[in-house]
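The values are calculated or read from the model by the stated rules, or taken from the named source; none is laboratory data. Everything numeric here is computed off the predicted structure, so don't read it as measured data. Positions of Cβ are backbone-derived with ideal geometry, glycine not excepted, and every protein chain shown enters the neighbour counts. Surface accessibility is based on the protein's heavy atoms, side chains included, excluding ligands, DNA and RNA. Shrake-Rupley method; radii C 1.70, N 1.55, O 1.52, S 1.80 Å.
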Amino acid sequence: IDLANEDPRVCAITAAMPGGTGLMEFKKRHPKHIFDVGIAEEHAVSMAGGLAKQGMIPVVALYSTFLQRAYDMILQDVAMLLHVVLAVDRAGLVGEDGETHHGLYDIGFLRHAPRMMILCPASLKEQDRMLRWAVKDYDGPVAIRYPRGGNCGFDGCNWKDIPGIPGAGSLACHRMGGDVTLITYGTMIGQVLEAAEILSKFGIQATVLRLLTVAPLPLHHILTMLSDNPHVVVVEEVTRGCGIREALSWELQHLKSDVRVDGLDLGHQFITHGDMNSLYHHYKLDADSIATFVKEVCTS
């Protein structure tokens, strides 16, 4: 709403989910700048490309689990190089929304597009800042992925401590340690920081890095922040193969051959419904399970 007040080129597009994506108030304030295309995510993204070519700044608000329907349009109509903002709602686990609504695949297919930038806020403050940056300062295809309800649940980041945010290759260092480096992004940072605190009680000191962009990957920044022991554990709220671990491992080892990269994710399976804490525990992405995994790989 604020961005549309400031710039009449800003418009919103959704596909039969204006309420779920939080656009009802925007519809009241800017009725001529919102387009609900019905259950047609493919058309929503293709239409955004057309609007961008005519000078508008479209923000496409879709659930992560439905964005995959528009993969062709993202790749062919947007990524070559239109200024379209993808607001990827319900990224990651969605709890009681049900097993069809978990947003576990978007990073995997969005990273296919060579020019696509993917931003991962960990707090509402970051989400606001990233959306403003994506609309006003960036001039290409960009996706901002955030959890159900927009409640990212973490407010431990001071923007002033992280220069250049949220541009390409940004990361935040939340903790320094010499035994292992934990890398994560988005809302998993809370579990990872808690795991690092548990590990410290067992004499394992972890560096904790949080990526603000997962495309492109901030490889050189990561290398400069690696602990003395070049052992990396990547923690991701995705289905196996749909995150960044494999790419990060290949790229880091290409630059520094002695880096070892292990990882935790949700495995190669469909995820059931349930409350968030139960799901984290069941699929071993809670702080205790992360700490146990890291202890095992550090001593193997």
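Structure notes:
- For Thr272, the requirement of being over 17 Å from the mean Cα position of the chain (by Cα), at pLDDT 95 or above and among the hydroxyl-bearing types (Ser, Thr, Tyr) is not met.
- Restricting the stretch 266-300 to residues that are part of a loop (DSSP other than H, G, I, E, B) and touching a strand residue (DSSP E or B) at 6+ places or on another chain (Cβ under 8 Å), the residue that is least open to solvent (accessible area, probe 1.4 Å): Leu285
- Residues located in the stretch 26-56, provided they are closer than 13 Å to Leu86 by Cα and in contact with a Cys (Cβ under 7 Å, 6 or more places away or on another chain): none
- Some residue of the stretch 119-129 being in contact with a Gly (Cβ under 6 Å, 6 or more places away or on another chain), at pLDDT 90 or above and not aliphatic (A, V, I, L, M): yes
- Filtered by the rule that a residue be part of a helix (DSSP H, G or I), surrounded by 16 or more Cβ atoms within 10 Å (Cβ to Cβ) and either among the hydrophobic types (A, V, I, L, M, F, W, C) or under 26 Å from the mean Cα position of the chain (by Cα) (or both), the stretch 31-56 gives Glu41, Glu42, His43, Ala44, Val45, Ser46, Met47, Ala48, Gly49, Leu51, Ala52.
- Considering (1) more than 21 Å from Pro147 (Cα to Cα); (2) open to solvent by 30 Å² or more (accessible area, probe 1.4 Å), the lone condition that Glu96 does not fulfil carries the number (1).
- Identity of the residue in the stretch 187-209, touching a Gly at 6+ places or on another chain (Cβ under 8 Å), open to solvent by 10 Å² or more (accessible area, probe 1.4 Å) and not in a helix (DSSP H, G or I), that ends up nearest to Met117 (Cα to Cα): Gln205
- Within the stretch 239-258, tally of residues that are more than 14 Å from the chain's Cα centre (by Cα) and surrounded by fewer than 20 Cβ atoms within 10 Å (Cβ to Cβ): 13
- Any hit, the stretch 10-25, residues being modelled with pLDDT of 95 or more, over 16 Å from Leu86 (Cα atoms), open to solvent by 10 Å² or more (accessible area, probe 1.4 Å) and not small (Gly, Ala, Ser): yes
- Residue list for the stretch 228-248, restricted to those being over 23 Å from Ala287 (Cβ atoms) and of a type in the set (Gly, Ala, Ser): Gly241, Ala247
- Hits in the stretch 224-238 - residues which are of a type in the set (D, E, K, R) and more than 22 Å from the chain's Cα centre (by Cα): Asp228
- Test: residue in the stretch 86-93 that is β-branched (Val, Ile, Thr), at pLDDT 95 or above, under 27 Å from Arg240 (Cβ atoms) and outside any loop (DSSP other than H, G, I, E, B): yes
- Odd one out for Glu251, checked against (1) out of contact with any helix residue (DSSP H, G or I) (no Cβ under 9 Å at 6 or more places or on another chain); (2) assigned to a helix (DSSP H, G or I): (1)
- Lone qualifier among Leu212, Leu182 - being in contact with a Ser or Thr (Cβ under 9 Å, 6 or more places away or on another chain), modelled with pLDDT of 95 or more, open to solvent by less than 10 Å² (accessible area, probe 1.4 Å) and not acidic (Asp, Glu): Leu182
- Taken over the stretch 215-238, the criterion of being open to solvent by 40 Å² or more (accessible area, probe 1.4 Å) and within 19 Å of Leu110 (Cα to Cα) is satisfied by Pro216 alone.
- Matching residues in the stretch 136-149 - criterion: being assigned to a helix (DSSP H, G or I) and either surrounded by 21 or more Cβ atoms within 10 Å (Cβ to Cβ) or touching a Gly at 6+ places or on another chain (Cβ under 7 Å) (or both): Arg148
- Among the numbered conditions (1) more than 14 Å from the chain's Cα centre (by Cα); (2) polar (S, T, N, Q); (3) not in a loop (DSSP other than H, G, I, E, B), the only one that Thr100 does not meet is (3).
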